[in-house]
Amino acid sequence: MKTKPNLILELTKQFALSTIEYTEELEKLKKYVIGNQLLKSGTSIGANVWESQHAESKNDFIHKLKIASKEASETAYWLDLCKTSQSYPNPDRLIESLTPIQKILTKIIYTSKNKTAKN
């Protein structure tokens, strides 16, 4: 039986890989502090989405996705700092790929909460 691809898992995995590449660029430029913060939050999004797939309950699932959403917000902050700093490489590609992830997470959380409330 073929399983349907999980869009949010795929998007967050690709985002994590792109984040790793970008932070490696930052490391070459000796931008360690922001690079480390960005690496942690940017890869944590996908880790929390991955964990949500093995949640113990619907509430646990929602909680893990909320953490992923918070990590996405933190990542957006670090990327905004990179974008507005003249000495950092352009992060627009990462910013553009983070936006749909944030929207999908918000939608999944909203939908899951409404299903929980109805049951």
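What follows draws every value from the coordinates through simple rules; no lab data is involved. Remember, it's a predicted structure, so these values are computed and weren't measured experimentally. Here Cβ is always computed from backbone atoms with ideal geometry, including for glycine, and neighbour counts include all displayed protein chains.
Structure summary
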read-out: Selection count, region 12-33, where residues are out of contact with any Ser or Thr (no Cβ under 8 Å at 6 or more places or on another chain) and of a type in the set (A, V, I, L, M, F, W, C); value: 3
read-out: Hey, Lys58 of a type in the set (D, E, K, R), more than 17 Å from Ser18 (Cβ to Cβ) and under 17 Å from the mean Cα position of the chain (by Cα) or not; value: no
read-out: Scope region 1-26; condition under 14 Å from Cys82 (Cβ atoms) and either β-branched (Val, Ile, Thr) or surrounded by 13 or more Cβ atoms within 10 Å (Cβ to Cβ) (or both); matching residues; value: Ser18, Thr19, Tyr22, Thr23, Glu25, Leu26
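For (1) of a type in the set (Lys, Arg); (2) in contact with a Phe, Trp or Tyr (Cβ under 8 Å, 6 or more places away or on another chain); (3) within 23 Å of Lys113 (Cβ to Cβ), each residue gets a yes or a no:
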residue	(1), (2), (3)
Pro5	no, no, no
Ser18	no, no, no
Lys31	yes, yes, no
Val49	no, no, yes
Asn59	no, no, yes
